[in-house]
Amino acid sequence: LVEAWELLASEGHYPSLRTTLDPSREGELCRWIEERRRSHSMKITNLNVAPDDMANAYANSTALVYPSLFESFGLPLIEAERAGLSIVAAERHYVRDVVTPGETFDPESALSIARAIKRHMRLNIERNAVPSAAAFLAHLTRPA
C-alpha cells in the first residue's frame, strides 16, 4: 500500500492515507512508513484509534482502502459500507462475500493498487499503445 502511494507521488498525485496501526505492536512497520512518508512527501497519517473510535474515523473519510490478503469475515468492509464509504479493496473472494467494492486490485502489486486508487480518484490512466499486427510483425522482422 505504501509503495502504491510512492508510485502515485512519483506521478504528482498525493492522496491522503490514514492507517490504523498499533505502534505498540507494529512499531517497526510504523517507523518504516514514516520514513517512506518523509522521503516522498506523502500524506500518510497513522490514526492509532481504538476499535470504539472507528465510527469517527469512517465519518472523516471518503473511502476505505483494504489491501488485506486474507480475512475471516471482513468486518471493516461492512463497517465502511454502512458508513457510506467507497470501497477500494483486494480482489479476493471474501471481499465480494460481504460487499461490492467500487474498485479492486491485486493486493500483491503496488502498481495495481495505485491504478485502482487513480480509477477511484477519476484520474486518467495512461495505457501502453497496442500496435497493429502488421506493426508488431514489422518490428519483429526488422534488421538489427
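The values are calculated or read from the model by the stated rules, or taken from the named source; none is laboratory data. Everything numeric in this text was worked out from a predicted model, so none of it was measured. Please note: Cβ atoms are built from the backbone with ideal geometry, for glycine as well, and neighbour counts cover all protein chains shown. Please note that ligands, DNA and RNA were not included when accessible areas were found on the heavy atoms of the full protein model with its side chains. Shrake-Rupley method; radii C 1.70, N 1.55, O 1.52, S 1.80 Å.
When Ser68 is tested against (1) open to solvent by less than 40 Å² (accessible area, probe 1.4 Å); (2) in a helix (DSSP H, G or I), only condition (2) is not met. In the range 11-45, of all residues being of a type in the set (Gly, Ala, Ser) and more than 15 Å from the chain's Cα centre (by Cα), the one that is least open to solvent (accessible area, probe 1.4 Å) corresponds to Gly27. Taking the listed residues Thr20, Thr62, Thr45, the one that is in contact with a Lys or Arg (Cβ under 7 Å, 6 or more places away or on another chain), of a type in the set (Val, Ile, Thr) and free of Cβ contacts under 8 Å to residues at least 60 places away in the same chain is Thr45, with no other qualifying.
So which of Ala89, Ala80 ends up being under 16 Å from Leu17 (Cα atoms), in contact with a strand residue (DSSP E or B) (Cβ under 8 Å, 6 or more places away or on another chain) and assigned to a helix (DSSP H, G or I)?
Ala80
To keep it simple, each residue is scored yes or no on (1) under 23 Å from Lys118 (Cα atoms); (2) assigned to a helix (DSSP H, G or I); (3) at pLDDT 95 or above; (4) polar (S, T, N, Q).
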position: Ala4; (1), (2), (3), (4): yes, yes, yes, no
position: Gly12; (1), (2), (3), (4): yes, no, yes, no
position: Arg25; (1), (2), (3), (4): no, yes, no, no
position: Cys30; (1), (2), (3), (4): no, yes, yes, no
position: Ser39; (1), (2), (3), (4): yes, yes, yes, yes
position: Val49; (1), (2), (3), (4): no, no, no, no
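Screening Thr62 against (1) surrounded by 15 or more Cβ atoms within 10 Å (Cβ to Cβ); (2) under 25 Å from Thr104 (Cβ atoms); (3) not aliphatic (A, V, I, L, M) leaves a single unmet condition, (1). Just one of (1) in a helix (DSSP H, G or I); (2) open to solvent by less than 80 Å² (accessible area, probe 1.4 Å) fails for Arg96. It is (2).
Each row is one residue, and each column tells you yes or no for (1) under 26 Å from Asp22 (Cα atoms); (2) at pLDDT below 95.
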position	(1), (2)
Leu69	yes, yes
Pro107	yes, no
His120	no, no
Pro131	no, yes
Leu137	no, yes
